[in-house]
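Inspection log for the structure reproduced underneath, given as structure tokens.
The values are calculated or read from the model by the stated rules, or taken from the named source; none is laboratory data. Please read these numbers as outputs of a predicted model, since none were measured by experiment. Note: ideal-geometry Cβ built from the backbone for every residue, glycine included; neighbour counts use all protein chains shown. Note: areas computed on protein heavy atoms with side chains; ligands, DNA, RNA excluded. Shrake-Rupley method; radii C 1.70, N 1.55, O 1.52, S 1.80 Å.
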Amino acid sequence: MYTINMRTRQKSYPLFLGRGILQNAGPVISRYLLPRPALVVSDKNVADHYAEKCLHSLRRAGFKPYLEVLNGGEKEKSLAAASTLYERALKTGMDRQSVFVALGGGVIGDLTGFAAATYLRGVPFIQVPTTLLAMVDSSIGGKVAVNHLLGKNLIGAFYQPSLVFGDVATLHTLPERELNAGLAEVIKYGIIWDANLFARLEHLSKGVAVKNKLIETGSRQLLPLILRSILIKGKVVYLDEKEKNLRRILNFGHTFGHALETASRYEYYLHGEAVACGMAMAVRLAEMLHILDRVSKQRIINLVARLNLPFPPVNLSINTVMEALFYDKKKEGEELVFVLPSRIGKVFMCKSPPANIVEKVIGEYLQGDLLHN
Ligand code: NAD
Ligand code: GLY
């Protein structure tokens with residue numbers, strides 16, 4: 001089991017990562033938090049596989065766990081769901097000494113973290129991520145949120161967990177599509193920060209015979225990739241916890257990605273898939289602006305194409321995606337900003353690139369020319 005000390009200005013907390021360690025969660029957590037009542041929040045898919053093991057382990061260490069199983073899915077990231085958690089916590093008499101535990105992917109993590117940040121003005125919470133995306137991204141860095149009718153993640157806080165406990169063995173039950181969505185974030189770290197990580201992913205993909213696959217299912221290589229990703233995100237968050245500047249590089253692929261998600265009403269892409277398409281679009285934009293060379297652009301496109309991404313939705317037009325982009329811009333009250341790579345391992349902020357070039361990139365993506373040819 002690996003232990004990493006995650007540091008932020010707000011607080012430091014340990015992150016544990018290993019294979020087949022879920023049954024040790026309780027005893028490990030009890031080294032940092034005295035046993036106490038614990039609200040364990042999960043969704044149906046995850047709870048069926050892992051809730052009992054997690055609860056048993058917490059009980060073994062002296063905690064008093066209560067399980068709340070939600071339906072899951074993006075719609076669950078709502079004030080209504082947070083209210084369900086408050087009610088359960090109140091009815092079980094949880095005070096400020098209790099702890100909330102998020103057992104699941106990014107949806108459960110963001111929601112539980114938000115509820116923990118606001119219940120009784122804040123109780124400790126623990127992330128037990130069970131998706132690749134949550135292990136490498138959402139469980140670390142302290143962004144917690146619920147969605148609003150007017151947009152995603154609009155109601156939230158920066159609230160760091162007290163501990164993160166990731167068991168990669170839980171990924172064995174994760175559907176391949178979800179795994180690929182998480183791999184998109186790993187590729188992202190390679191592009192924004194670490195050319196060696198990117199090259200390692202390329203090397204791995206070359207050993208996989210299937211064209212639309214990046215890594216063999218159950219590969220032992222996954223754990224070191226996750227570790228490297230966590231270290232990169234940890235470093236960026238340490239340097240800029242509140243996203244004043246540097247942390248914005250983590251949004252690589254998100255400007256186009258969010259626009260695709262919004263334009264398709266959050267019903268077509270998984271979050272990581274939209275980010276992956278957004279990354280492909282961003283590198284094409286960088287190439288067209290003569291910021292990124294053709295070879296690097298093609299290397300990125302080739303790797304992203306391994307994620308078996310869905311075809312662009314047939315009913316989406318360039319205008320709809322442009323509108324979604326500019327809606328974002330208006331909402332932020334600032335210029336349209338893209339994170340673009342100048343080479344693999346290095347990105348910078350590009351403000352207001354020419355609209356006709358942005359439109360051309362969107363058109364190429366929607367026609368399937370970027371990723372599906
Ligand atoms: P998710 O939480 O919806 O999980 C994906 C699916 O996999 C769900 O159906 C879930 O039930 C299932 N699942 C989870 N673990 C499983 C397992 N081990 N075995 C079988 N099934 C399992 O989605 P996600 O991709 O983990 O997270 C997406 C969310 O994360 C979005 O809401 C996004 O906004 C958020 N996010 C937050 C941050 C952050 O910094 N806070 C960063 C990135 C993404
Ligand atoms: N997922 C982007 C961030 O944590 O900042």
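So the values come out like this:
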| item | result |
| --- | --- |
| Dipole magnitude (debye, nearest 20) for the range 256-317, charges at Cβ of Lys, Arg, Asp, Glu | 200 debye |
| Sum of side-chain charges, K206 neighbourhood, beta-carbon under 13 Å (Lys, Arg +1; Asp, Glu -1) | +3 |
| The range 191-310, accessible area per residue, ligands and nucleic acids excluded (1.4 Å, Å²) | 42 Å² |
| Degrees separating the helix 355-366 axis from the principal Cα axis of the chain, which is the longest one | 70 degrees |
| Where labels lie 7 Å past Cα in the beta-carbon direction, separation of D240 and L150 in nm | 2.6 nm |
| Cα centroid separation - the range 64-97 against the range 203-253, whole Å | 30 Å |
| Total charge dipole magnitude, the chain, about the Cα centre, Cβ charges on Lys, Arg, Asp, Glu only, Debye to nearest 20 | 1100 debye |
| Residue (of L70, A274, V99) at the positive-pole extreme of the chain, dipole from beta-carbon charges | V99 |
| Interchain or long-range residues, amide H under 5 Å from G151's placed H | none |
| Cβ-derived FRET efficiency at R0 30 Å, I4 paired with K346, nearest 0.05 | 0.80 |
| Cβ crowding within 10 Å averaged over residues, with 118-124, 183-189 ranked highest first | 183-189, 118-124 |
| Considering only the chain, percent of DSSP beta bridges that pair antiparallel, nearest 5 | 45 percent |
| 5 angstrom amide H check on K64, placed H, neighbours 5+ away | R36, A38 |
| Debye log10 I(q)/I(0) for the range 123-204, one point scatterer per Cα, at q = 0.14, 0.15, 0.21 Å⁻¹ | -0.60, -0.69, -1.10 |
| With every protein chain in place, the range 220-373: carbon and sulfur % of accessible area (1.4 Å) | 50 percent |
| HN-Hα J in Hz across the range 237-254 - Karplus 6.51, -1.76, 1.60, θ = phi - 60°, x for Gly and Pro | 5, 4, 6, 7, 4, 9, 6, 7, 8, 4, 4, 4, 5, 5, 8, 3, x, 7 |
| Per-residue SASA entry for R36, accessible area with 1.4 Å probe, Å² rounded to 10 | 40 Å² |
| Distant-in-sequence amide H partners of L70 (H built 1.01 Å from N, under 5 Å) | S42, D43, K44 |
| Surface/4 estimate of mean projected area, convex hull on alpha-carbon atoms of the chain, nm² | 16.8 nm² |
| Table column - 3J(HN,Hα) (Hz), the range 133-149, Karplus curve with 6.51, -1.76, 1.60, x for Gly and Pro | 4, 5, 5, 8, 9, 6, 7, 10, x, x, 7, 10, 6, 10, 8, 10, 3 |
| Mean-position separation - Cα centroids, the range 116-152 and the range 6-25, in angstrom | 15 Å |
| Full-extension gain in nm, R60 to Q298, via 0.36 nm per residue minus C-alpha separation | 80.5 nm |
| Whole-number percent relative contact order across the chain, with pairs defined as alpha carbons under 8 Å at least 6 apart | 14 percent |
| Carbon + sulfur, % of accessible area of the range 86-197 - ligands and nucleic acids excluded, 1.4 Å | 55 percent |
| Average accessible area per residue (Å²) across the range 19-139 - probe 1.4 Å, nucleic acids and ligands excluded | 40 Å² |
| Whole-Hz couplings from phi, Karplus 6.51/-1.76/1.60, listed for the range 267-276; x for Gly and Pro | 10, 10, 9, 6, 3, x, 5, 5, 5, 4 |
